[in-house]
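Everything below concerns the one structure shown next.
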Amino acid sequence: MGAFIIQAGDVRRMPENSTMLIHPTTGGMQGRIEDAEFELAQRKINERQYIRVVANRIKESGKSDITEEDVERIMHANGNNGTYFTAQEALEYGLIDEIV
């Protein structure tokens, strides 16, 4: 959730010795089939929002002309475990604005 939350900032900062993981949304489900179906539909909506926000913020940085499909590939890379970015990589990619 942190990679999504940081995108809400006016200035996105990341400590020099940290990493950012862009990964698929996760969660658990229990209850009736109808509950699980509702939860799955909601999670799909949430993941699309996450992808859209990250792609738009990267584009706004001017560092990449990334597409939503590119963000989705990054999220689902490495056997659906996502992709880690160092602070420097996140800056170069446009995921953040400053390293602190």
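Thinking of segment 1-61 as a set of Cα atoms, what percent of all their pairs are more than 20 Å apart? Please list the in-between numbers first.
Numbers: 720 of 1830 pairs.
The answer is 39 percent, as a whole percent.
Summary value for the chain: 45 percent relative contact order, contacts being C-alpha pairs under 8 angstrom separated by 6+ residues.
Could you please report the charge total around T67, scoring K, R as +1 and D, E as -1 over all other residues with beta-carbon less than 11 angstrom from its beta-carbon?
Values: positive: R52, K59, R73; negative: D65, E68, E69, D70, E72.
Surrounding charge for T67 is -2.
Which residue fluctuates the most in the chain, going by a Gaussian network model with Cα springs under 10 Å, if the choices are I22, I33, I45? Comparing I22, I33, I45 in a Gaussian network model of the chain, the most mobile one is I33.
For the peptides 6-15, 66-75, residues were scored by their other Cβ atoms within 10 Å and the scores averaged per peptide; the highest-first order is 66-75, 6-15. Less than 12 Å from a label point 7 Å out along the Cα-to-Cβ axis of E68: which backbone N atoms in segment 43-61 qualify, by residue? In segment 43-61, the label zone of E68 (backbone N under 12 Å from the point 7 Å along Cα→Cβ) covers 45-56.
Bear in mind that the values in this text are calculations on the coordinates, not laboratory data. Everything numeric in this text was worked out from a predicted model, so none of it was measured. Here the Cβ is made from the backbone with ideal geometry for all residues, glycine too, and neighbour counts use every protein chain on show.
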